[in-house]
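These notes are about the structure you will find just below.
The values are calculated or read from the model by the stated rules, or taken from the named source; none is laboratory data. For clarity, every value in this text was computed on a predicted model and none was experimentally measured. Note that each Cβ is placed from the backbone with ideal geometry, even for glycine, and that neighbours are counted across all protein chains shown. Just so you know, the surface numbers come from the protein's heavy atoms only, side chains and all, with ligands and any DNA or RNA stripped out. Shrake-Rupley method; radii C 1.70, N 1.55, O 1.52, S 1.80 Å.
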Amino acid sequence: MISYRNVSKKYNGLEAVSDFSLEIENGEFFGLLGPNGAGKTTLIRMTTTLTPITQGEIYVDGEPIDRDLTAIKQKFGIVPQYSTLENDLTAWENLELHGRFYGIAKNTRRERIEELLEFTELTDRRNDTAGTFSGGMQRKLMIAKSLMHGPQIMLLDEPTVGLDAASRRKIWDLMRRMNEDGLTIFLTTHYLDEAEALCSRVGMIDLGKLVMLGNPSEIISQTGKFALEYFKEGTTHQELFEEKEPAMEAAKLLQCDFKIRETNLEDAFILITNKGFGA
Amino acid sequence: MRFNAVLWKEWIVFRRKWLSITMSAVVGPLLYLIAFGWGLGNTVSVGEVSYTSFVIPGIIAMNSMSTSFGVIANDINISRIYGKTFEAIMMSPIQMRTFTVARVTGGALRGLYTATIILLVSFLFHRDITIDAYFVIVLVLNCFVFSAIGFIAGILINSHADMAKVTSFVITPMSFLCGTLFPLDRFPKVLAIAFESLPLTQTVKALRSGVSDPSYLMSPMILAIYLIVFMLLAIRICRRAE
Ligand SMILES: Nc1ncnc2c1ncn2[C@@H]1O[C@H](COP(=O)(O)OP(=O)(O)OP(=O)(O)O)[C@@H](O)[C@H]1O
Ligand SMILES: [Mg+2]
C-alpha cells in the first residue's frame, strides 16, 4: 500500500504538487490522470526517492520512504517517463545489469531474463544494443527490466506515450496481466480512454492538486450519460445530459452540425476543471 | 555483489570499446614522451638526472589523473543529464555508498589502465624506471583521489559546457603546474608551497623519489587523507543528488 499524506513539492516558488493525500491499496489498478505539467511525474519521482519531498510524507506498507532504504525499493517496479536503459548495452545485458543491481542470484536471474524477453516479445532482439531500439521496443524493455526482481508495486509514468495503437494495446495487455498476477499498478497517463479501459480507480490531478477520485464509471455517471458536442463561432461547445431525449431536443435548436455521444472521463475532467486537455 | 554489478557494467563497456579507449590513452602521452623525452631528454638534465627520467613519472601522474577524473566525471555527467541511467541507480536498492565507492573504483581502474599503457610505451624510450610496490601504491592512490573528485564533479556540474570549463581551468593547469614537467623550485616561494599541497604534486614527488627519500611516507599519507575526504564528500553528495 502507498500512502501519500499531505505531500507537497516546491521548485523555487512553483508548487508542482500541493497538499496531495491518497491511499493506493494492494492489488489495485490505479490511474492518475492529469494534463501536461499537472505534477504526475513529480509525484512518481518523490515516491521513488529521486526528488526530495518538500512537505508531507509518503509511506509504503507503513514505512516512510528513503533513498537508502533498500527493502522498499525492492518492492517497486518502476517505468519512468523516459528511457533509463544503458544504450551501449544489449537488451540481455540491460536485464542482467538490473538483476545484479537487485541482488538476484545468477540462476534465477538468467531464467527470469528468458521469461521476460519472451513476455515482452524481445527474444530475437536480445543481442542488439538498447540504443538501436525503437521507442516501443525500448518501452517494452523498460517494462521487462522493471519486472526483473519480482516487484509488488508497479509505478508506470505515461507508459504508452508516443506509441502506435498496436504497441499501446500490447502494453495495456502487459499491465493487465501484471495486475492479474497480483501486482499493484500505479499508472499515470493523460489519455483518458486509457484510464477508463484499464483502471479500477482513477484520480485526477490538476496544478498539483487532487481534484477528483473515484471509479471511472461512477465518475462518468455523475457527469451525465450523454454529451452534445457542436462547433460554433470558432470553439467547440459541450453540454452534458442525463438522458438522450433532452440532448436531442437541445440539438434541434442548433443551427450547426452536432454530435451526440456517450460521455467519458474527459467530459468529467472538463466539467471539474473547466478546461480540456491540452495534449 | 552490488559493488560488482557496478563494475560489471564498466567492464562490459570497456570490453566493447577497448580499442578506441586504448588508442586515445596512448596518443597524448606518446606525444609528450616524444617531445619531452626523446626530443629534449638527452640534451637537458634536471639536477643529476636526465630530463627523460625526470619527466616520465610526471607524464604518468598527469595522465592517470586526467583519465581517472575525466572518464568518471563525463560518464556520470552524461548518465545524469542525457541518458538518465543515473536515475535507474538511484531508484535501485543499491546503497549510495556502495555505488559511489564502486564507481570511483571503476574510474581509478581506468586511470591505472592508462598508466600501465604509458609505462609500456615509455619503456621504448627509457628502461631504467623502477616500479616497486611503493610506486604502485602511490599511483593507485592518485587514481582513486582524482576519480573521487571526478565523481563529485560529475554530480555537481549540470552541463557539458561547465564540465569543459572545469577541465580547462582546473585539471589542465594542474597537469602542468604540479611539478610534472619542471621542478617546483622555479616558482616563487608562496606559489611553490601552494602547489606543493596539491595531490598531484605529492604523487609526482613520490613517484620520482621512491623509497630513497627519508620522508617517503609523507606523500602517500597526504594522498590517503585527500582520498578519505573526497570519498566521504562524494558519498554525501550522491545521497543528495537530484
Ligand atoms: N526539476 C524541476 N525544476 C523545476 N520545475 C520542475 C522540475 N520538474 C518539474 N517541474 C515543474 O513542475 C510542474 C509539474 O511537472 P511534472 O513533470 O510533474 O508534470 P507532469 O504531470 O508529469 O506533466 P507531463 O504530462 O507533461 O509529463 C511543472 O510546472 C514543471 O515545470
Ligand atoms: Mg510527466
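Figures for the structure shown
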item	result
Most fluctuating residue given options A:T129, A:T184, A:T48, as computed from a GNM of chain A linking Cα atoms under 10 Å	A:T129
Most mobile of B:I81, B:I225, B:I12 in a GNM of chain B (Cα contacts under 10 Å)	B:I12
Electrostatic dipole magnitude of the protein assembly as shown [Cβ: Lys, Arg +1; Asp, Glu -1; Cα centre; debye, to 20]	1920 debye
Pairwise label distance in nanometres, A:R176 with A:N6, each label 7 Å out on the Cα-Cβ vector	4.2 nm
Local electrostatic count at A:R168 - Lys and Arg +1, Asp and Glu -1, tallied over other residues with Cβ under 11 Å	-1
Value of relative contact order over chain A, rounded to a whole percent, pairs C-alpha under 8 Å and six or more apart	23 percent
Area buried, chain B against chain A - accessible surface, total, 1.4 angstrom probe, square angstrom	2800 Å²
Pairs beyond 27 Å (Cα-Cα), from A:K145/B:K9; A:K40/A:K244; A:K73/A:K140; B:K9/B:K205	A:K40/A:K244; B:K9/B:K205
Coil-residue chymotrypsin sites (Phe, Trp or Tyr not before Pro) of the stretch B:1-88, DSSP, other Cβ within 10 Å capped at 13	B:Y82
10 Å Cβ neighbours from other chains, averaged over peptide A:98-108	4
Sites B:V136 and A:Q81, calculated FRET efficiency, Cβ-Cβ separation with R0 51 Å, nearest 0.05	0.65
Label point 7 Å beyond Cα of B:D185 along Cβ direction - residues of the stretch B:22-52 with amide nitrogen under 17 Å	B:45-51
Selection from A:W92, B:S168, A:F29, by position along the positive dipole direction of the protein assembly as shown (Cβ)	B:S168
Eligible aspartates and glutamates near B:K84 by straight Cα distance, threshold 12 Å, same-chain separation 8 or greater	A:E86, B:D75, B:E242
Residues in the stretch B:200-242 that, when all protein chains are in place, have 50 Å² or more less accessible area than the chain alone would give (probe 1.4 Å)	B:E242
Size of electric dipole in the stretch A:109-217: Cβ of Lys, Arg +1 and of Asp, Glu -1, about Cα centre, debye, nearest 20	220 debye
Nearest-0.05 FRET efficiency for A:D193 and B:M1, computed from C-beta distance (R0 45 Å)	0.55
CD proxy at 222 nm, helix term only [per DSSP H run n ≥ 4: -39500 (n - 2.57); per residue of chain B; nearest 500]	-24500 deg cm²/dmol
Sum of -39500 (n - 2.57) over DSSP H runs of 4+, divided by residues of chain A (222 nm, nearest 500)	-10500 deg cm²/dmol
Tensor-based shape of the stretch A:1-83 (alpha-carbon gyration tensor, a/c under 1.5 rounded, otherwise prolate or oblate)	rounded
Accessible area of the protein assembly as shown belonging to carbon and sulfur atoms, whole % at 1.4 Å probe	58 percent
Surrounding net charge for B:A148, when Lys and Arg each add one and Asp and Glu each subtract one, Cβ distance under 13 Å	+3
Karplus-derived HN-Hα couplings along the stretch A:53-67 (A = 6.51, B = -1.76, C = 1.60, θ = phi - 60°), whole Hz, x at Gly and Pro	7, 6, 8, x, 9, 10, 10, 10, 6, x, 10, x, 6, 7, 4
B:A194/B:L233 FRET efficiency (R0 22 Å; Cβ-Cβ; nearest 0.05)	0.55
Residue of B:L223, B:L19, B:L112 that the Gaussian network model of chain B assigns the largest fluctuation, springs spanning Cα pairs under 10 Å	B:L19
Average other protein chain Cβ within 10 Å of Cβ, residues A:62-68	2
Kyte-Doolittle mean at least 1.6, axial Cα span of 20 Å or more - DSSP H helices of chain B	B:133-156, B:218-240
Residue among B:L177, B:N77, B:L200 farthest towards the positive dipole end of the stretch B:54-203, charges placed on Cβ	B:N77
The protein assembly as shown - accessible surface per residue (Å², probe 1.4 Å)	45 Å²
Shielding by partners, peptide B:13-25 (average Cβ within 10 angstrom, other chains)	1
